[in-house]
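Accompanying notes for the structure given below.
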Amino acid sequence: MPSPSWVVRCLPGLSIIGLLILAECALEILQSLWLGASSPTKLITGQSPVIAQVLFISYGLFLHLLATFFPLRLCWRVWHASSEILRKHTTNRPSKTFFQPAVEDDDSDSEQNDLMKYHLKTRAIEPDVTHSLIIPSYKEDIQVLEDTLKVLASHPSARSQYDVCLAMEERDPNAKSVATKLIAMFGERFKDMQFTLHPGTIAGEAPGKSSNVGWAAQRFLEKYHDSPNWEHVMLTVMDSDTHLLGTYFDIITQRHVENVLADESLDMTLYMPPIIFDRNAHQVPRFVRVADLMWCGAGLSCFQTTPCADTVAIPTSVYTLTLPVVDLVKGWDTGPEAIGEDMHMMLKSYFLMNGKLNIECVASPASHCNVSSNMKGVWGWFDGMMARYHQALRHMWGCLDTGFAIQQWSQLGTSQRVNSLCYDSQANISLGAKFSFFRVQIEEGNKVTLRNIDLLTRVFEAHFLPAHLFIILITSTIYSLINPAATTALWVRLSMDTMSYLRTFGFLTMVCYFYFFYERYHRICVEVRTAELKQAGIYRDIEDQISRRDPRSPSTWIDYVIFPVAGLIYGGVPLLHAAFSHFWSVDLNYKVSAKPKRELVEDVVRMEEGRV
């Protein structure tokens with residue numbers, strides 16, 4: 001008999017099998033095709049609805065409504081994200097030396113004003129914030145890391161606030177030499193810079209980003225444990241090819257200060273930027289480009305800069321946590337179940353805090369590269385397509401987080417959950433008192449809240465919807481082809497027609513999204529990134545990496561209409577692959593996604609020759 005943990009782990013795969021059984025009970029496709037039934041049975045032609053048909057049609061309509069609502073939500077969120085990014089990058093950037101909330105002479109708010117004045121008199125207006133950056137790397141090309149570090153080093157706050165850690169893998173034979181060379185090239189341009197070598201022989205750990213990041217994070221915890229500003233260390237996890245704007249760190253510095261001043265407690269917030277693939281999109285196969293446009297949209301669909309009671313967003317590749325949060329939840333999980341590192345860490349922090357984790361989207365885009373092949377011609381096209389599939393499989397392997405989320409959700413509000421949050425108050429009495437205050441705030445955790453429902457819906461959209469919708473579409477289409485309309489119950493025919501209309505509406509809405517909303521988002525992101533690179537004086541070094549889009553070009557229009565195929569290749573199929581693989585294994589042969597290679601720019605070569 002399967003164990004409960006196995007059943008929870010395999011929920012996506014079991015749900016697919018259950019849906020296939022339901023489809024056969026409702027539509028009798030196999031009986032009609034392989035058993036040679038000359039005419040549909042009473043199960044199909046009966047005028048009275050049967051249970052299987054009701055369940056199948058009801059679930060199908062639910063999926064189609066969910067899939068129809070998604071592009072509508074996406075259009076609104078992307079328009080909002082574009083406007084916020086433009087506003088943040090065309091007004092004065094947040095001051096990193098002074099912050100003072102406005103205090104108005106309003107009798108109705110006199111108590112609040114007195115409290116704020118007290119804060120301003122008795123404490124520093126802004127603490128000394130440090131940004132610790134973890135850049136995990138495993139056999140990454142040194143050129144990719146050079147470009148990433150060059151962009152970070154160009155930020156005005158880099159020398160005073162950035163503590164950079166190159167999280168290398170001991171399994172990489174060139175890791176130490178690459179890290180040493182990069183530190184020699186860029187070390188003087190940051191507040192501090194170091195590297196870690198994650199051992200590949202730790203029992204129970206799985207190779208991947210999560211275990212590597214967890215190892216590096218422990219070094220930061222040890223480094224800043226006795227620092228008086230320990231609670232103001234912001235830890236950012238980013239991919240090796242990520243280019244972040246300086247505005248991102250300015251915004252989260254300001255928001256961190258505002259959150260700390262709000263209640264004199266710890267900043268229990270996860271900050272995350274929207275992502276964009278704006279570097280080599282013009283050099284990769286069209287299906288790869290469209291798949292990444294949809295991956296970008298998945299993150300943008302939850303964009304909201306002003307957190308509400310039900311705000312939930314899932315980070316993609318880049319996010320920032322305060323060091324107290326990392327310590328509170330005991331860092332990153334390192335087993336194979338944590339392969340979806342960004343979502344897994346968010347879920348872990350969210351549930352350990354009984355749903356009280358604050359999540360804020362930052363209006364500053366994170367630039368990424370599309371997966372690419374170093375081969376040319378037709379074989380390069382196939383190699384690029386396969387490289388993107390391997391990346392998609394790794395993403396969908398993260399459907400293990402479904403079981404993790406359900407297990408964590410079932411423990412919300414329990415004394416066991418609260419008691420797991422501990423801190424050695426003897427090491428830092430002031431910080432220990434703040435942790436104790438926070439523990440009191442989370443002792444009540446309700447399972448059924450609007451925010452929890454929203455979170456579980458986002459998990460469902462990521463790990464169930466693509467495969468289930470594909471099965472509904474295929475089985476409904478086959479049934480319609482093998483059964484004449486005259487022999488089909490009216491209510492069944494009307495329901496399937498309704499699903500067809502919803503699919504058409506969803507398709508047209510997505511086309512409108514790409515043309516009117518995404519193109520605006522892409523243009524604004526490229527413009528603000530180009531402006532900051534020019535201001536920093538490094539635009540000419542990486543100008544060839546910027547990928548622009550022309551919405552008036554017929555070639556671009558092709559991207560708008562092939563997204564269902566790209567979604568199937570890099571969404572539905574990898575999800576099916578991963579879900580059924582979990583029946584016998586949770587281990588995945590982790591492969592690093594290939595990044596584009598280019599010639600070293602002349603100034604970096606001179607820098608390397610002068611320092612190494």
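Does any residue of the range 554-567 turn out to be acidic (D, E) and either modelled with pLDDT under 90 or outside any helix (DSSP H, G or I) (or both)?
Among the residues of the range 554-567, not one is acidic (D, E) and either modelled with pLDDT under 90 or outside any helix (DSSP H, G or I) (or both), which makes the answer no.
Could you tell me which of the residues C302, C296 is closer than 25 Å to G246 by Cα and assigned to a helix (DSSP H, G or I)?
C296
For the range 159-197, how many residues meet the condition of being farther than 21 Å from W332 by Cβ, not aromatic (F, W, Y) and not in a helix (DSSP H, G or I)?
5
With the condition kept exactly as written, say whether any residue in the range 266-276 is in contact with an Asp or Glu (Cβ under 9 Å, 6 or more places away or on another chain), of a type in the set (D, E) and over 30 Å from F382 (Cα atoms).
yes
Of these, L473, L490, which one is over 21 Å from T311 (Cα atoms), of a type outside the set (F, W, Y) and at pLDDT 90 or above?
From the options L473, L490, the qualifying one is L473.
From the list L508, L455, which residue is part of a helix (DSSP H, G or I) and either in contact with a Cys (Cβ under 8 Å, 6 or more places away or on another chain) or surrounded by fewer than 17 Cβ atoms within 10 Å (Cβ to Cβ) (or both)?
L508
Testing H198 on (1) buried (at least 18 other Cβ atoms within 10 Å of the Cβ); (2) under 26 Å from A363 (Cβ atoms), one condition comes back false. Which one is that?
Only one criterion in (1) buried (at least 18 other Cβ atoms within 10 Å of the Cβ); (2) under 26 Å from A363 (Cβ atoms) is unmet by H198, namely (2).
Which of the residues belonging to the range 139-158 are part of a loop (DSSP other than H, G, I, E, B), buried (at least 20 other Cβ atoms within 10 Å of the Cβ) and in contact with a strand residue (DSSP E or B) (Cβ under 8 Å, 6 or more places away or on another chain)?
H155, the sole residue that qualifies.
Out of the helices (runs of 4 or more DSSP H) lying entirely within the range 328-432, which hold 3 or more residues that are buried (at least 19 other Cβ atoms within 10 Å of the Cβ), modelled with pLDDT of 90 or more and of a type outside the set (K, R)?
Once the helices (runs of 4 or more DSSP H) in the range 328-432 are filtered for at least 3 residues that are buried (at least 19 other Cβ atoms within 10 Å of the Cβ), modelled with pLDDT of 90 or more and of a type outside the set (K, R), what remains is 341-352, 377-397, 400-410.
Would you point out the residue of the range 159-185, among those that are of a type in the set (V, I, T) and touching a strand residue (DSSP E or B) at 6+ places or on another chain (Cβ under 7 Å), that is surrounded by the fewest Cβ atoms within 10 Å (Cβ to Cβ)?
Result: I183.
Condition check: free of Cβ contacts under 8 Å to residues at least 60 places away in the same chain and either within 30 Å of C399 (Cα to Cα) or in a helix (DSSP H, G or I) (or both). Does S480 satisfy that?
So S480 passes the test.
Considering each residue of the range 268-278, count those that are crowded, with 24+ Cβ neighbours inside 10 Å and part of a loop (DSSP other than H, G, I, E, B), and give that number.
The qualifying residues number 3.
Please state which one of S95, S137, S108 is more than 26 Å from T311 (Cα to Cα), at pLDDT 90 or above and polar (S, T, N, Q).
Only one candidate passes the filter, namely S137.
Matching residues to (1) in contact with a Pro (Cβ under 6 Å, 6 or more places away or on another chain); (2) closer than 27 Å to H80 by Cα; (3) crowded, with 16+ Cβ neighbours inside 10 Å:
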| residue | (1), (2), (3) |
| --- | --- |
| Y513 | yes, yes, yes |
| F517 | no, yes, yes |
| H522 | no, yes, yes |
| G537 | no, no, no |
| L575 | yes, no, yes |
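Identify, by number, the condition in (1) exposed (fewer than 15 other Cβ atoms within 10 Å of the Cβ); (2) under 30 Å from R9 (Cα atoms); (3) out of contact with any Phe, Trp or Tyr (no Cβ under 9 Å at 6 or more places or on another chain); (4) not charged (D, E, K, R) that F464 doesn't meet.
(1)
The values are calculated or read from the model by the stated rules, or taken from the named source; none is laboratory data. If you're wondering where the values come from, they're calculated on a predicted model, not measured in any experiment. Heads up, the Cβs are rebuilt from the backbone with ideal geometry, glycines too, and the neighbour counts pull from every protein chain shown.
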